[in-house]
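A.B. asks: Below: one structure in structure tokens.
All of the numbers you see were taken from the coordinates with simple rules; none came from a lab. Just so it is clear, the model here is predicted, and its values are computed rather than measured. Neighbour counts run over all protein chains shown; Cβ positions are idealised from the backbone, glycine included.
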Amino acid sequence: MDRQVFVAEKHDREILDNPRKFVIEAGGEIFMAIVAGLAAGTVAMIPSGGQTMELTKMAVSPEFQGMGIGDNLVERCSTFAKTKGVQTIWLESHTTLAPALSLYRKHGFVEVPGDPNSLYSRADIRMELAI
């Protein structure tokens, strides 16, 4: 299997180096999926102004893929967003990540025009979910 690896960009490093500041103190949340005491997956939700939140840093460890963990994480994000009065969840990704895009579509995300001011140069697809 050919696996595409992306280099962490400046905005990735900011979030990953200081999640308390960029996620928690901003009113967002980080969710972890734990299986048998092991971190199996994670995702973050970050407020992005108005009634929108970004779903970001979604990852499921390869050994746990295909077990519904991604589904559970996306559903948890949707529930969290609803409790915050959010109307739209958005994300940016890359079209080579077919399994991830399939997961998002399964949960109702639709492709929308990209943001020319995106903080991620690698992103070539933007998706939104109206909730």
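A.B. asks: What's the local net charge at D115, with K and R +1, D and E -1, over the other residues with C-beta under 13 Å away?
C.D. replies: Working: positive: R126; negative: E54, E92, E111, D124, E128.
Result for the neighbourhood of D115: -4.
A.B. asks: Let me ask something else. How far apart, in nm, are the 7 Å Cα→Cβ label points at T88 and A59?
C.D. replies: Calculated label separation equals 2.8 nm.
A.B. asks: Roughly what % of DSSP beta bridges within region 10-130 run antiparallel, to the nearest 5? Intermediate values should be presented prior to the final figure.
C.D. replies: Details: 22 of 25 bridges.
Antiparallel bridges make up about 90 percent of those DSSP assigns within region 10-130.
A.B. asks: Please report the net charge: other residues with Cβ closer than 9 Å to the Cβ of A44, K and R +1, D and E -1.
C.D. replies: Value of the local net charge: -1.
A.B. asks: Grab every C-alpha pair in the chain, bin the distances at 10 angstrom width from 0 up to the longest one, and report whole percents.
C.D. replies: 12, 44, 39, 5, 0
A.B. asks: If amide hydrogens are placed 1.01 Å from N in the peptide plane, which non-local residues have theirs closer than 5 Å to the one on D124?
C.D. replies: Sorted by chain and number, the residues that satisfy this are S93, H94, T95.
A.B. asks: Oh, and also: Give a residue-ordered list of calculated ³J(HN,Hα) values for region 30-37 (Karplus: 6.51 cos²θ - 1.76 cosθ + 1.60, θ = phi - 60°; whole Hz; x for Gly, Pro).
C.D. replies: Coupling constants for region 30-37: 10, 10, 10, 9, 10, 10, 6, x Hz.
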